[in-house]
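Below is one structure, written out as structure tokens; the observations come after it.
The values are calculated or read from the model by the stated rules, or taken from the named source; none is laboratory data. Quantities reported herein were computed from a predicted structural model and do not represent experimental measurements. So basically every Cβ, Gly included, is an ideal-geometry build from the backbone, and we count neighbours across all protein chains shown. Accessible surface areas use protein heavy atoms only, side chains included; no ligands, DNA or RNA. Shrake-Rupley method; radii C 1.70, N 1.55, O 1.52, S 1.80 Å.
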Amino acid sequence: YDNTNFLFAGLGTLYKKYTNSIYQGTFRMGKKHGLGIQFKQVSDSYFKYYTGEWTNNTYDGYGFSFEIKKNAITIKKGLFERNHFISGEYYSFYENNNRMLEIVKFEGNFKDDKYDSIGVLNKVSYGISKKTGQWEMLDEYDYKGMFREGKEEGQGESKRSLKTVGYSYSYQGNFENG
């Protein structure tokens, strides 16, 4: 603690009641800087967790984030730059009214929080079977190749399997607009 400017420095814990957040890690000139962990409750149904490198109060460097928003969970592990995830592994789990579950895994680069450049995408959808009442796989989609603004764009290869109707296909070549 620098008592001439009232700025935190070194290792410490900061709890902000008005933002419902807690940070434990290193500070420099009153800002989160270095290694640290933060947990924040944004609302009753939205929680954020980040552990990793910080620069001037932003996620910057290697880190791991975990977010829960209502019925969706997002996990990011890799490289962050000014609070944006730019490269690494991304996982998303989404449940729709207890009737459908979608799991997304992407490994590659991001730009403006969207898939960008080269990457590998896997999406699997599950639903409740009308016959058995149990969860079953409905659809599986794999893509390896180029991305632009979150969509398949450029050279790549994809495979899709629609389990409920017994249909599958694969394609290798040029993709436009996903």
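Structural remarks
- Screening the candidates 74, 13 for the property of being of a type in the set (Ser, Thr, Tyr) and either open to solvent by less than 40 Å² (accessible area, probe 1.4 Å) or within 25 Å of residue 102 (Cβ to Cβ) (or both) yields one hit, 74.
- Per the listing 19, 51, the residue uniquely free of Cβ contacts under 8 Å to residues at least 24 places away in the same chain, of a type in the set (Val, Ile, Thr) and outside any loop (DSSP other than H, G, I, E, B) is 51.
- Residues in the stretch 107-138 that are over 25 Å from residue 45 (Cα atoms), open to solvent by less than 50 Å² (accessible area, probe 1.4 Å) and hydrophobic (A, V, I, L, M, F, W, C): 110, 121, 138.
- Residue 34 surrounded by fewer than 16 Cβ atoms within 10 Å (Cβ to Cβ) and modelled with pLDDT of 95 or more: yes
- If you filter the stretch 139-154 down to residues that are open to solvent by less than 40 Å² (accessible area, probe 1.4 Å) and acidic (Asp, Glu), you find that the one that is nearest to residue 173 (Cα to Cα) is 152.
- Pair list, Cβ under 8 Å, 6 or more apart: the stretch 155-170 residue of a type in the set (A, V, I, L, M), other residue exposed (fewer than 14 other Cβ atoms within 10 Å of the Cβ): 162/168
- Those strands (runs of 3 or more DSSP E) lying entirely in the stretch 80-166 with at least 2 residues within 20 Å of the chain's Cα centre (by Cα) and β-branched (Val, Ile, Thr): 100-111, 114-128
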